[in-house]
Amino acid sequence: MKIVCIGGGHGLAQVLSAIKPMCSSLTAIVATTDNGGSTGKIRESQECIALGDIRRCCLQLAGEKSALNSIYEHRFVEGQLDGHSLGNLTLLGLIELTGSPTKAVAYFNAMLGNTETVLPMTEEPTDLMAELSTNEEIFGECAIDALSTLPTKVFLSKTVSAAPGCVKAILEADLIIIGPGSIITSVMPAFLVEDISSAIQKTSACRIFIENSKTENSVMKHTHTAGVDWLQEQLGLKIYDLSIPPSAIEEILHDSKNIMKSRTHLHDIDELKNVFSGLLKMPIQLSGQS
């Protein structure tokens, strides 16, 4: 089974770790609009795509017990490198050497011993922007997340093309998993790339959206509808065939005969493994068959 996962932040990394043992072909398409922390500093000085979520996904696939995981997650604490992770700087160096973010990520992934594919949503730097009801424009993920009211429109600061391999992976997939994660800053960016949103409409894969189990600590907490409904309204297109709410996740876990000792966060890897194990045993028709 060919599985493609789309998103960003911690959610995508945890999904990849959970589903890795269950398929022979796994591709991640990672949002690249983050402008906070080490990633934001690098983007400001080097005019490149966001590297933090890409690093996190590659390292999660390598396994938390991997020696390289702790090495590349190391953050400097003094001088001009204060706050930067070695993994982000390594990716930046590979981009300069190869001239291509996609090739750089492939090399980094190979260095970690991963056989899965990790792709940036685009090779071109672009930022998330929002428009308020007052027509005021807000620049960058950090500022958008800090808003006290939902924006009326979210868009990219520059129109970009999908990175090489993204469209092909989506069109050839049997199953596409979207989320969990912040609706605006983790899930939405990839679908603002026209090539990707078009491929999502054309694919014959079963598209599954995993809802967050807890209210986001972001501007999305001000919505009165399901996050995926708000997202699709903003995008003007349908991106999923099956949406899995927290209640369904609990049911899948129960059907898989797994006992939940306590209510844990959706991003917990063991819980996600149980969810996907149960989900893949369900009679879901793939590849466009009804």
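The values are calculated or read from the model by the stated rules, or taken from the named source; none is laboratory data. Just so it is clear, the structure is predicted and the values come from calculations on it, not from any experiment. In this analysis, Cβ positions are derived from the backbone assuming ideal geometry, glycine residues included, and neighbour counts consider all displayed protein chains. The protein model used for the area step is the full one, side chains on, heavy atoms only, and it has no ligands, DNA or RNA in it. Shrake-Rupley method; radii C 1.70, N 1.55, O 1.52, S 1.80 Å.
Rolling a 1.4 Å probe over the protein chains gives His10 an accessible area of about 120 Å².
Dipole magnitude for the stretch 15-145: computed about the Cα centre from +1 point charges on Lys and Arg Cβ and -1 point charges on Asp and Glu Cβ, it is near 780 debye. When the Cα gyration tensor is reduced to axis lengths a ≥ b ≥ c, the ratio a/c is 1.5 or higher for the stretch 45-143, and with a/b above b/c it is classed as prolate. In a simple Cβ point-charge model (Lys, Arg +1; Asp, Glu -1; nothing else charged), the stretch 17-64 has a dipole of about 120 debye relative to its Cα centre. Rolling a 1.4 Å probe over the protein chains gives Glu44 an accessible area of about 150 Å². How would you classify the stretch 62-208 from its alpha-carbon gyration tensor, with a ≥ b ≥ c the square roots of the eigenvalues: rounded for a/c under 1.5, else prolate if a/b is greater than b/c, otherwise oblate? Here the stretch 62-208 falls in the oblate category.
Over the stretch 2-86, the hull volume per residue, using the convex hull of the C-alpha atoms, is 91 Å³.
Remark: relative contact order (the stretch 64-182) = 17 percent; criterion is Cα-Cα distance under 8 angstrom and separation of 6 or more residues.
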